[in-house]
1. Inspect all residues belonging to region 90-112 and state whether any of them is touching a helix residue (DSSP H, G or I) at 6+ places or on another chain (Cβ under 6 Å), modelled with pLDDT of 85 or more, among the hydrophobic types (A, V, I, L, M, F, W, C) and not in a helix (DSSP H, G or I).
2. Where residues in region 129-144 are in contact with a strand residue (DSSP E or B) (Cβ under 8 Å, 6 or more places away or on another chain) and surrounded by 14 or more Cβ atoms within 10 Å (Cβ to Cβ), which of them is farthest from Gly109 (Cα to Cα)?
3. So which of Val221, Val190, Val202 is of a type in the set (A, V, I, L, M, F, W, C), more than 15 Å from Ile114 (Cα to Cα) and out of contact with any Ser or Thr (no Cβ under 8 Å at 6 or more places or on another chain)?
4. Condition (residue is of a type in the set (Val, Ile, Thr), modelled with pLDDT of 90 or more and over 17 Å from Lys120 (Cα atoms)) applied to region 155-175: is it met by at least one residue?
5. Please verify whether Leu253 is surrounded by 10 or more Cβ atoms within 10 Å (Cβ to Cβ) and modelled with pLDDT under 70, treating the condition exactly as stated.
6. Just to be sure, is Glu7 part of a helix (DSSP H, G or I), of a type in the set (Asp, Glu), surrounded by 10 or more Cβ atoms within 10 Å (Cβ to Cβ) and at pLDDT 70 or above?
Amino acid sequence: MDKTKQESLEQYKVKINKRLSQLTPYLQKAAIGDFSQTIKLPDEDDEFTELIVSVNLMIEDLREMKEELEYKNSTLESAKKDLEAENQKKVVKLRENENKYKRLVEGLGPNFFIYSHDTKGVFQYLSPSIVGMLGYSTSEFATHYSKYLTNNPLNKEADKYTALSIKGIKQPPYLVEIYHKNKSIKILEVTETPVKDEKGVVIAVEGVAQDVTENKKAEEVLKIKLEEFEKLNKFLVGRELKMVELKSKLKELEEKVNLKT
């Protein structure tokens with residue numbers, strides 16, 4: 001290679017290195033996430049013009065991606081704060097409800113207990129008042145609702161009501177017959193409400209059970225007394241009718257005797 005060509009090659013290398021050194025700061029800034037500056041294009045096109053254009057396009061794309069990411073992060077952070085605030089409100093509301101619920105449970109008399117069972121019929125919550133009412137501890141009774149039911153046909157209707165409650169259909173109060181821990185039989189009046197999640201799916205059934213055994217016994221005694229009274233009344237009415245009939249016949253007989261004399 002002659003001296004002239006050698007010098008031209010050296011000059012070209014210097015030019016290349018100089019132009020590359022001009023690109024380096026921009027690439028370094030881009031590497032650390034700073035896409036605020038683009039490379040100025042030369043006044044005249046040369047072999048670096050296309051490269052500079054490509055680098056500028058890359059920086060523009062990266063800047064747009066960064067802005068979009070920052071916007072999404074900002075939106076996500078805002079949504080996170082809103083969610084945290086909403087959750088805090090729910091926590092406060094839940095505590096208020098828990099306190100109300102606690103006062104309600106503590107205020108229950110010996111003839112009531114509150115319960116909650118899942119969609120499989122297994123008790124998940126039982127108020128402490130069940131101990132005095134049925135003799136079972138809350139842990140003993142935390143099983144399927146049917147375990148302590150008697151074989152009274154009345155309970156078949158209870159199964160139907162419970163199944164409908166689990167399906168989300170509110171049911172009227174109904175009666176169940178159940179064994180006390182001491183093997184005596186109790187009659188409970190049950191009022192239930194399906195519990196649904198935000199999507200409307202039933203997740204549990206809550207209810208209140210009242211011991212109406214003595215009331216039902218009193219009703220049965222009253223029913224028997226009324227039946228006895230009805231029988232007595234029919235007997236007395238029949239007797240009165242017979243007396244009237246007898247008096248009528250006696251009067252007829254007297255009139256016949258008087259005619260003969």
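The values are calculated or read from the model by the stated rules, or taken from the named source; none is laboratory data. Remember, it's a predicted structure, so these values are computed and weren't measured experimentally. When we count neighbours, we look across all protein chains shown, and the Cβ atoms used for this are built from the backbone with ideal geometry, even at glycine.
1. Initially, region 90-112 is screened for residues touching a helix residue (DSSP H, G or I) at 6+ places or on another chain (Cβ under 6 Å), giving 110.
In the following step, the residues that additionally are modelled with pLDDT of 85 or more were identified as none.
Scanning region 90-112, I find no residue that is touching a helix residue (DSSP H, G or I) at 6+ places or on another chain (Cβ under 6 Å), modelled with pLDDT of 85 or more, among the hydrophobic types (A, V, I, L, M, F, W, C) and not in a helix (DSSP H, G or I), so the answer is no.
2. Within region 129-144, the subset in contact with a strand residue (DSSP E or B) (Cβ under 8 Å, 6 or more places away or on another chain) is 129-130, 133-134, 138, 141-144.
If we keep only those that are surrounded by 14 or more Cβ atoms within 10 Å (Cβ to Cβ) too, we end up with 129-130, 133-134, 138, 141-143.
Numbers: Ser129: 8, Ile130: 10, Met133: 9, Leu134: 13, Thr138: 16, Phe141: 19, Ala142: 21, Thr143: 23 Å.
Filtering first and then ranking leaves Thr143.
3. Working: Val190 fails: more than 15 Å from Ile114 (Cα to Cα); Val202 fails: out of contact with any Ser or Thr (no Cβ under 8 Å at 6 or more places or on another chain).
After applying the criteria, what remains is Val221.
4. Initially, region 155-175 is screened for residues of a type in the set (Val, Ile, Thr), giving 162, 166, 169.
Checking the rest, the ones that are also modelled with pLDDT of 90 or more come to 162, 166, 169.
Narrowing the set further to residues that are over 17 Å from Lys120 (Cα atoms) leaves none.
Within region 155-175 (the criterion being of a type in the set (Val, Ile, Thr), modelled with pLDDT of 90 or more and over 17 Å from Lys120 (Cα atoms)), the answer is no, since none of the residues qualifies.
5. On the way: surrounded by 10 or more Cβ atoms within 10 Å (Cβ to Cβ): yes; modelled with pLDDT under 70: yes.
Here the answer is yes, as Leu253 does meet what is asked.
6. Values: part of a helix (DSSP H, G or I): yes; of a type in the set (Asp, Glu): yes; surrounded by 10 or more Cβ atoms within 10 Å (Cβ to Cβ): yes; at pLDDT 70 or above: no.
No, not satisfied.
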